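Working notes, structure below.
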Amino acid sequence: MTAALPDRPPFAVRAAVLTPLASGGTRFEPDGILGVDADGRITHAGAFAEFGSDAVDLRPLILMPGMVDLHVHLPQVPNAGLGAGIGLLPWLGRYVFPLEQAFDETTAERLAPRVFRAMAGAGTTTAVVHGAIFEPSLDATFRAAEAHGIRAVIGKVMMDRVTYDRLTPEQALQVSLRQSAELCERWHGRDDGRLAYAFTPRFALACSREMLTESAALAAHYGAYWQTHLAEDAGEVAEVARLFPEARDYLDVYDRAGALGPRAILAHAVLLSRRELERLVESGSRIAHCPASNLFLGAGLMPLGHYLDVGGRVGLGSDVAGGPELSLFSVMRAGAYVQGALRGQGDARPVLGPLDWLRLGTLDGARALGLERVTGSLEVGKEADLIALDPAMTDPLPGADPGEADASDDPEELMGRMIFRAHPDMVRAAWVRGRLLERPAAAPT
C-alpha cells in the first residue's frame, strides 16, 4: 500500500470489502469500493467495476466493519496478562482493586488516550467501557474519548457493599448515585450519540439491593445503558446465593432490581440455569461473551451455540484485563477453541465459522447496543465505522514475495487467517464516521 490514508470525509477508497449484511449473509468484493460522504455516511459499497469512480487505492488491504467490544475495563489495561488461572475473586483483590483505587483524574488523563489509541490499533471502533469509582476520572475518560473520535459507552463503577473507597456504605450509595446521574447528564448522547452513558454497578457482590434498584431506575429515566457482570465463576455464584437468599438465582437479583431489558448488558453469563437463560431471552437483555477472559481466569466454558439457538442476544467482549489483550480477533479465536472443546465433550451443535465470528464481533455487537442501523456493517446509509487490514501480516511465512503470499479470494479462508493467525500489526487503519482514528505510534525497529 502506497496511497495516503484519507483522514476525514468525504472520500472513496478501493480495496477488498468484507462485511456482514443486515439482511443476513456476507458480502465480499475482492476488488471493491467504499464511498463516504461529507457527513461520514456510506454512500456506496460494492464492486469497483460497478462505480468506476476515482478512489484512493488501498489494495491489497481489506476493509471490514470496525469491531464492537461490549466489555472492557479501561483502568485495568496496564495489568493485562497478569494473574492467569487464580480465579475471579482472588484476582480482583490482588490485581484489580489496587489499580482502580489509583485511577484518579491525573491517571485517567494519562492513560485513557493511550487505551483508546490501542483500541483503534486493535480494530475496535465501538467500546463499552467500565471505569473506576471516581467521578473526575470518568470525566477525563469521556474527554479523551471525545477528542479521540472512538464510539464509546462509558460508565462509572458503582460499589457500596464492597468498595475501595473510604466512604461508609450509606455515603457510597448516595455519592455514587448522584455522581453517576451527573455524569450521565453531561455525557449521554454527546456528539450526536457517538458517546453514551452506562450506569455500572460492578456486580451483585459489590452492591446493595438499593444500589442495584436505584441505578436501574436512573438508567431507565435517562434512557441510558445499564451494565454489570453475571455468573462469571462458581465462587461468585455461590456467594451471590448467600447474600441474596430471597432471589431464585443470580439473574433474579438483577430482575428484582428492575434492571433487565434491551439496554442491559450482562458480561460473561457462563453459568446460567435454564430458567435464567429463558428469562434473559424473554427480557431482551444482552450478553457480552468474553471467552478469552473466561479461559484466562479459569471461569468456565460458556455454551455459546446453545445461547444462540434459543435466541440469546450476544456480542463479544475483550474484558481486558481479565482478558489478556484488546483484539477481538484474538477473542474470536478463544471463542472458537471453546466451541471446539465443547464439541469434543459431546455438544452436537455446529460450531461457528469464521464469518459467523465476524458477524458476532461487528453487527451483532451493534445490535446489542441498539445501533444496528448506525454501525456494525459496511452498507449504504450507515456511518462509516470501518477498519483496513493487511492480509499479508497473517501469512504463515512472513516476508514472502507478493506473488507467493496467500492470495485466496475465499472470504471464509481470509477471515479464518484473521482469527487464527491474528497479528498485532495487521490493522492498518480505523475510522469512525469517516474520520481516521489515532493509533499507537509504530514501535522502534
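Each row is one residue, and each column tells you yes or no for (1) in contact with a Cys (Cβ under 6 Å, 6 or more places away or on another chain); (2) within 25 Å of ALA204 (Cα to Cα).
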| site | (1), (2) |
| --- | --- |
| ILE265 | no, yes |
| LEU272 | no, yes |
| VAL281 | no, yes |
| GLY298 | no, yes |
| ARG313 | no, yes |
| GLY317 | yes, yes |
| MET332 | no, no |
| GLY344 | no, no |
* Asked: Of these, ALA216, ALA231, ALA238, which one is touching a Leu at 6+ places or on another chain (Cβ under 6 Å) and either modelled with pLDDT of 95 or more or of a type in the set (A, V, I, L, M, F, W, C) (or both)?
  -> ALA231
* Structure fact -> Taking the range 329-350 and keeping only residues that are of a type in the set (Val, Ile, Thr) and closer than 17 Å to ARG417 by Cα, one is left with VAL331
* Asked: Does the range 123-140 contain at least one residue that is modelled with pLDDT of 95 or more, at negative phi, out of contact with any strand residue (DSSP E or B) (no Cβ under 6 Å at 6 or more places or on another chain) and of a type in the set (S, T, N, Q)?
  -> yes
* For the range 187-216, how many residues are in a loop (DSSP other than H, G, I, E, B) and open to solvent by 10 Å² or more (accessible area, probe 1.4 Å)? -> 5
* Just checking, how many residues over the range 295-323 are touching a Leu at 6+ places or on another chain (Cβ under 7 Å) and not in a loop (DSSP other than H, G, I, E, B)? -> 4
* To do: Pick out, from the range 73-124, the helices (runs of 4 or more DSSP H) lying fully within it that include 2 or more residues that are small (Gly, Ala, Ser) and open to solvent by less than 40 Å² (accessible area, probe 1.4 Å).
  => 105-122
* Asked: If you scan the range 226-238, which residues turn out to be open to solvent by less than 10 Å² (accessible area, probe 1.4 Å) and part of a strand (DSSP E or B)?
  -> TRP226, GLN227, THR228, LEU230
* State yes or no: is LEU342 in contact with a helix residue (DSSP H, G or I) (Cβ under 9 Å, 6 or more places away or on another chain) and surrounded by fewer than 24 Cβ atoms within 10 Å (Cβ to Cβ)? => yes
* Asked: Does ASP249 qualify as being among the charged types (D, E, K, R), open to solvent by 10 Å² or more (accessible area, probe 1.4 Å), in contact with a Lys or Arg (Cβ under 7 Å, 6 or more places away or on another chain) and under 26 Å from CYS184 (Cβ atoms)?
  -> no
* Asked: Taking the stated definitions as given, is ASP39 of a type outside the set (Phe, Trp, Tyr), part of a loop (DSSP other than H, G, I, E, B) and open to solvent by 40 Å² or more (accessible area, probe 1.4 Å)?
  -> yes
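The values are calculated or read from the model by the stated rules, or taken from the named source; none is laboratory data. A quick note: this is a predicted structure, and the numbers were derived from the prediction, not measured. Quick reminder, even Gly has a Cβ in these numbers, built from the backbone with ideal geometry, and neighbours come from all protein chains shown. Note: accessible area is taken over every heavy atom of the protein model, side chains too, but ligands, DNA and RNA are not part of it. Shrake-Rupley method; radii C 1.70, N 1.55, O 1.52, S 1.80 Å.
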